[in-house]
Amino acid sequence: MKPIIREFQKIILKEVNDYPDGNLSIAEQINDIPFQIKRIYYIYDLSNKKAIRGKHAHKNLEQVLFCISGSFKLLLDDGKIKMNIKMNAPNEGIYIGKYVWHTMSEFSKNCIILVLASDYFKESDYIRNYDEFISITSNILDDKTE
Ligand code: T46
């Protein structure tokens, strides 16, 4: 079995199939999303094929990412294990917790990413330097193995 990175969880939302009039998916705080939602943002107009977003980790923020239209590639890295996920199902979310480096790329033209976040925007919560991330996470991992 492949090792699973820390602070990661796949969240499958209930889908209601209203054929022939479309589908809907429902995300309920606590029941589906494992934190209180303080912020919602969405990323769109991803027509630049070379666009790369993310490239950071958060110190405290918890988030769940959904690809509600199109597709993209999500790379997760907890400082030890890396994982690539193809995001292309509107009812499938990925929970990303503390100290997980994440990068988003290979967006389809119609890609829309919806993010539910546990806190307001705080630039001080970001780690945007990969060397700093590795140094911090190696201390966290060392503490856990002691
Ligand atoms: C994340 C991934 C999945 C704000 O002013 N408020 C906000 O709530 C957000 C999300 C961003 N911004 C500003 C900060 C930057 O000047 O918007 C600009 C772009 O943000 P950033 O480069 O962080 O965008 P992404 O797509 O690389 O990352 C975003 C989130 O910022 C981040 O928390 O985990 O999506």
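All of the numbers you see were taken from the coordinates with simple rules; none came from a lab. Keep in mind that this is a model prediction, so the values were computed, not measured. Positions of Cβ are backbone-derived with ideal geometry, glycine not excepted, and every protein chain shown enters the neighbour counts.
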Taking the alpha-carbon distance from Lys73 and a cut-off under 15 Å, which aspartates and glutamates remain once sequence neighbours fewer than 8 residues away in the same chain are dropped? Glu92, Glu106
What list of ³J(HN,Hα) couplings, whole Hz, do you get for segment 39-47 from phi and the Karplus terms 6.51, -1.76, 1.60, once you set θ to phi - 60° and write x for glycine and proline? 8, 10, 9, 9, 10, 8, 6, 9, 7
Please identify, among Ser25, Ser47, Ser124, the residue showing maximal mean-square fluctuation in a Gaussian network model of the chain using a 10 angstrom Cα cutoff. Ser124
In order over segment 12-27: 3J(HN,Hα) from phi, Karplus 6.51/-1.76/1.60, θ = phi - 60°, whole Hz, x for each Gly or Pro, gives 9, 8, 5, 10, 9, 9, 9, 3, x, 10, x, 10, 9, 10, 10, 10
Backbone HN-Hα couplings from phi across segment 90-102 [Karplus 6.51/-1.76/1.60, Hz, Gly and Pro as x]: x, 9, 10, x, 10, 7, 10, x, 5, 6, 10, 5, 9
Sorted by packing (mean other beta-carbon atoms within 10 Å per residue), highest first, where do 72-79, 52-59 land? 72-79, 52-59
Amide H contacts under 5 Å for Gly79, placed H, 5+ residues apart: Trp101
Alpha carbon convex hull of segment 18-146, volume per residue in cubic angstrom: 127 Å³
With n ≥ 4 as the cut-off for DSSP H runs, can you work out [θ] at 222 nm for the chain, using -39500 (n - 2.57) per run divided by the number of residues, rounded to the nearest 500? -3500 deg cm²/dmol
